[in-house]
Amino acid sequence: MGNAATFKLVKAELNTTVLEAQKEFAAFVVDTTNLSLLEACTDLVSQIRGTFIIIEDKGATLLCEELGKLLNELPIEELTLQSNRGKKLGEIITQSFIFIGRYLEYLEVNTASRPELLISEINQVRQGRGLTLLKDSHFYNYTLPGLMKPRALLPFKFDANTQKLLRRYRHMYQSAFLKLLKGYRTHIALQYMARATSQLDKLAANTKVAPLFWVATATLDVLIKEQAEIGKNRKLMFSQIDKRIKALIDVGESEFHKPPSSDLMKELLFNLALCKGSSPLADKIVQIYKMPSPGVTESELAEQKSLLSSPGASVMQSVSVALNEEILTVKQLVNQAATAVSTDELDPKALVQALNKVSDILNIVGLISPGNVLKQQSKMASSWSPSNLPDQIQLMAVADAVLYAESAIHRLQQGGSIGETTDHVASAAKAQLHSAKMILIDESQTGIVQAKRAIGSYFESQSDPLHLTNVKTILNLVRGGLIFLESDDAVDVLEQCMAFIENRLVKSNDQLDDSTVDYLADALSGLEFYLESMLNESKPDAALLALAKEAIEHL
């Protein structure tokens, strides 16, 4: 927004106008025969738009413009009949007014607003109008000067092996992308996608499509480092890359000599520019493409978006964080009671207060069953005294209730159902098992990452064996984890990797060609992402393990 001083003068009037427009539309929904109500609402939106033009707020101006057009195009019959489309359009318009009101409150405390913050809301209105969505780079004033990339050392070669690798890396990219769409831990999915695009960059060499994969790899890398939120537009951007990879497979060699879409390249470069400074490669690309600063960083946008986000979601997240802290206090008090060697160390009053506090909060947010279970344990704990010490059965009952509450809080954090369940012991056991499984998988993934890093250092140091000293020990620990997780096929793949590292690198110190190094990296990366799929699905993704097996066959 360009004119903060003017906003302060018109804010009160602007807020009144928004509320009036919202009121007129609500009245029209009740009586759709009264077209004067719709006309008054449309005029008020036009007035709001004019005010935003004066205060030089591009994002809000465009939102009001799109909203005004939707009101003019509104299918009144569908709104009257309350068809699915009619209901949806009514919700979009109502939500837009609510958003504008919240946006005005936001501007009171942050006048340095960015138009990019309103892209999502603008797209909601455009979707209602049946139009294509605006890209995140819509307000970024930049024209792509051409396609550039440092020249590859090896020439482009299209043969049967290239086609095989294309299918392989598309499978790798697509598997990770599907995990991203499902909302699983995005940083792992992005890492696997980046691995695929970096390999595709090598295959494309100096062809016209190569800059797409070069820039995509750098963009994925900085989004990982920034821990960026992957919204709808970014998912659409990644889906376009997937479509281009598919075209390379379907069409063949000629497709490599077609340049990528300028819009897609601009979108990738915009995301890269938001994260400038996150990696040397990103900074190099920004310099080569002579990109101006967007005027805001990824972290700044994320911070401002959180202020504009729905209060319901943010409140729930805050509640879950607070509950976790209270649960930790309860656990400490239960442990203290269990290890008390004298009555002086027993503090049942503090435990009762902590249990009641967590129980009350759980009931407020709708987690009635775990709240009631904790309340029952609180009543039992209130009877403890120097003459009535808790026995092991009572302490276990409290511990089970706490685990049950913890599992319910975990569902709250994940945005899952907060519905009732009566078997709190089974639920607690399941939560405990899931927690142990997560820890084991995380440690196994960390082990693979450490091994990959050590192997990378080995090759970078001209085969210095010192870098491989701990690799066998690390991978043996990973192997133990896989055995515990009962993943025999993954154990087999890992053992083959370990044998290759031991025989070809440690003992023989062989000089490997680049393709063999890539196959080893693909096998380990496949295992890493297979472990990730074990976290999020009842059945791990066998296709990911198949990719690792295929890579092993080339070693």
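Nothing in this text is a laboratory measurement; each read-out follows from the coordinates by a stated rule. Computed from a prediction, not measured in an experiment: that's the story for all the values here. Note that we place each Cβ from the backbone using ideal geometry, even for glycine, and neighbour counts take in every protein chain shown.
Considering only C-alpha atoms, what is the centroid distance from the range 173-200 to the range 243-298, in Å? About 17 Å separates the Cα centre of the range 173-200 from the one of the range 243-298. Seen through its C-alpha gyration tensor, with square-root eigenvalues sorted a ≥ b ≥ c, the range 117-159 comes out prolate because a/c lies at 1.5 or above while a/b is bigger than b/c. Kindly identify the range 433-553 as rounded, prolate or oblate by the Cα gyration tensor criterion: order the square roots of the eigenvalues as a ≥ b ≥ c, call it rounded if a/c is under 1.5, otherwise compare a/b with b/c, prolate if a/b is larger, else oblate. Since a/c reaches 1.5 and a/b is larger than b/c, the shape of the range 433-553 is classed as prolate.
If you rank S533, S387 by fewest surrounding Cβ atoms within 10 Å, what's the result?
Working: S533 23, S387 6.
Listing S533, S387 from fewest to most nearby Cβ atoms yields S387, S533.
Each 10 Å bin, from zero up to the one with the longest distance, holds this percent of the alpha carbon pairs of the range 71-125: 21, 42, 24, 12, 1.
Between A26 and N335, how high is the FRET efficiency from 1/(1 + (r/R0)^6) when r is the Cβ-Cβ distance and R₀ = 41 Å? Nearest 0.05. Write out the running numbers ahead of the final one.
Details: r = 55 Å, r/R0 = 1.34.
So the FRET efficiency works out to roughly 0.15.
The distance between label points at I393 and Q82 comes to 5.6 nm (points 7 Å beyond Cα on the Cα→Cβ vector).
Here are a few candidate values for Kirkwood radius over Cα pairs in Å: (1) 27.8; (2) 25.5; (3) 30.5. Which one was actually calculated from the structure I just gave you? Only one option fits the structure, namely (1).
Counting other Cβ atoms within 10 Å as a rough exposure proxy, the listed residues V491, V449, V358, V334 run V449, V491, V334, V358 from fewest neighbours to most.
Apply 1/(1 + (r/R0)^6) to the Cβ-Cβ distance of E13 and I98, taking R0 = 22 Å, and write down the FRET efficiency to the nearest 0.05. The partial results should precede the final answer.
Numbers: r = 19 Å, r/R0 = 0.86.
FRET efficiency, E13 to I98: 0.70.
With R₀ set to 60 Å, the beta-carbon distance separating V517 from K69 gives a calculated FRET efficiency near 0.60.
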